[in-house]
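Novice: Okay, here's the structure, questions in a sec.
The values are calculated or read from the model by the stated rules, or taken from the named source; none is laboratory data. Every value quoted in this text rests on a predicted model; they were computed, and no experiment measured them. No Cβ is skipped: glycine too gets one built from the backbone with ideal geometry, and neighbour counts run over all protein chains shown.
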Amino acid sequence: MANHERLRRRRPHRDPLPRILIVCEGTRTEPLYFQGLRHLQRSLVKLEVPSGGGTPKTLVERAAELKKAAERNAKRSRDPNQLYDEVWCVFDIDEHPFVAEARRQASDNKIRLAISNPCFELWILLHFQDQSAHLERSHAQHLCRGHLPGYEKVVPCERLMDLYGEARSRAEALDAWQETRGCSGGNPSTSVYHLVEMIRVLGRGRG
């Protein structure tokens, strides 16, 4: 067999770059943020942030469909690079129906969740200040604009990553505080830092 034929038939090797799917509720802020992370980690990790939006339940359903499609493609082509290393859904609590169902479906499909209460802007805000008082979406957005003029048009991911350590510490402290009150996931709280930390860890290499 000629050398070029052997090369053509050789099964693909596993791409060393992690492939992560992130399905977001928001159609602007969250995708802009994670696309910014993709730019910062461009040589280390592959982030796929499809557009669309939706409710928590429809987001999880969409993520499950994309995950299964990737698995089918990987099996059909015998190419493990088609698989996702991680699949996440990012959404707010707000007053969405069927959040409990979305959580169960995510667990059944091994999809991880990054949930903010009341909204994703809380995660942005924690880069600049503590926030333990109950928070409404409109007020969170107002506070973000105070720290980041023009925030609604652009999310300055590079500047935010410089403050990531402070934001993560504040988010972790909020989690611990809500736990002591018996209000896990209450307002205010956000688990977005788990996703960002995972991206940072995977971006440093597989081990």
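Novice: Evaluate the following for Gly150: is it surrounded by fewer than 18 Cβ atoms within 10 Å (Cβ to Cβ), over 15 Å from the mean Cα position of the chain (by Cα) and either modelled with pLDDT under 90 or among the acidic types (Asp, Glu) (or both)?
Specialist: Yes.
Novice: Could I ask something else about it? May I ask you to say which residue of Tyr151, Tyr193 is in contact with a Lys or Arg (Cβ under 6 Å, 6 or more places away or on another chain) and in a helix (DSSP H, G or I)?
Specialist: Tyr193
Novice: Of all residues in the stretch 112-151, which are in contact with a helix residue (DSSP H, G or I) (Cβ under 7 Å, 6 or more places away or on another chain) and acidic (Asp, Glu)?
Specialist: Selection gives Glu121, Asp130.
Novice: Looking at (1) under 22 Å from Leu122 (Cα atoms); (2) in contact (Cβ under 8 Å) with a residue 24 or more places away in the chain; (3) touching a Lys or Arg at 6+ places or on another chain (Cβ under 9 Å), which one does Leu59 not meet, given that it meets all the others?
Specialist: Unmet condition: (3).
Novice: Name the one entry in Gly186, Gly182 that is on the phi > 0 side of the Ramachandran plot, assigned to a loop (DSSP other than H, G, I, E, B) and surrounded by fewer than 18 Cβ atoms within 10 Å (Cβ to Cβ).
Specialist: Gly182
Novice: Further question: Which residues, taken from the stretch 93-117, are assigned to a loop (DSSP other than H, G, I, E, B) and either over 16 Å from the mean Cα position of the chain (by Cα) or at pLDDT 95 or above (or both)?
Specialist: Within the stretch 93-117, Asp94, Glu95, His96, Pro97, Phe98, Asn109, Lys110, Ile111 meet the criteria.
Novice: Within the stretch 91-107, can one find any residue that is among the aliphatic types (A, V, I, L, M), buried (at least 16 other Cβ atoms within 10 Å of the Cβ) and in contact (Cβ under 8 Å) with a residue 60 or more places away in the chain?
Specialist: For the stretch 91-107, residues among the aliphatic types (A, V, I, L, M), buried (at least 16 other Cβ atoms within 10 Å of the Cβ) and in contact (Cβ under 8 Å) with a residue 60 or more places away in the chain: present.
Novice: Scanning for something closer than 19 Å to Leu40 by Cα and either modelled with pLDDT of 95 or more or part of a loop (DSSP other than H, G, I, E, B) (or both), does the stretch 125-134 turn up at least one residue?
Specialist: Scanning the stretch 125-134 turns up at least one residue that is closer than 19 Å to Leu40 by Cα and either modelled with pLDDT of 95 or more or part of a loop (DSSP other than H, G, I, E, B) (or both).
Novice: Additional query: Of the residues in the stretch 155-167, how many are charged (D, E, K, R) and touching a residue at least 40 places away in the same chain (Cβ under 8 Å)?
Specialist: 2
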